[in-house]
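Here's the structure we're looking at; comments come further down.
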Amino acid sequence: MSAYKGLHGMFSPKATKLYATILGLQIASQLGHRYVILEMDAKEIIMNLQTYEQSRSVEGALVDEVRGLFSHFAHISCQFAHRERNQVAHILAKQALLSQDFQV
């Protein structure tokens, strides 16, 4: 299965990672996955997802949307992974930035 969704405008790196997380969780849910390990190299986002503080920022709304998707799964684990462990995701992200036609 592939997914492609264009974003228009300028977004912070945090908002972009949260948006990618939303799309990934939506795909996992559509594929029927019940147990998910969410692994990313953004410690701040992992901490935001694990604590339930409210924020009125754009990023706060995206964090709330990610948390809302958690209910689609029997179990979800959020873990920090150093960038070196997540090289494939970074290569795909760089390719997507270089080409408007690139799909993941």
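For Q30 and Q79, FRET efficiency with R0 = 30 Å and r from the beta-carbon atoms, rounded to 0.05?
Once rounded, the FRET efficiency stands at 0.85.
Straight-line reach only, C-alpha to C-alpha below 17 angstrom: list the aspartates and glutamates that K17 could link to, leaving out same-chain residues fewer than 8 apart.
E39, D41, E44, E59, D64, E65, E84
With the crude spin-label approximation of a point 7 Å out along Cα→Cβ, what separation in nm comes out for T16 versus V88?
2.1
Near the amide H of A81, under 5 Å away, which other amide H atoms are found, from residues 5 or more places off or on another chain, if H is placed in the peptide plane?
M40, D41, A42
No value in this document is a laboratory result; all are computed from the given coordinates. Bear in mind that the values here come from a model prediction, so they are computed numbers and not experimental data. Don't worry about glycine lacking a Cβ; one is built from the backbone with ideal geometry, like all the others, and counts go over all protein chains shown.
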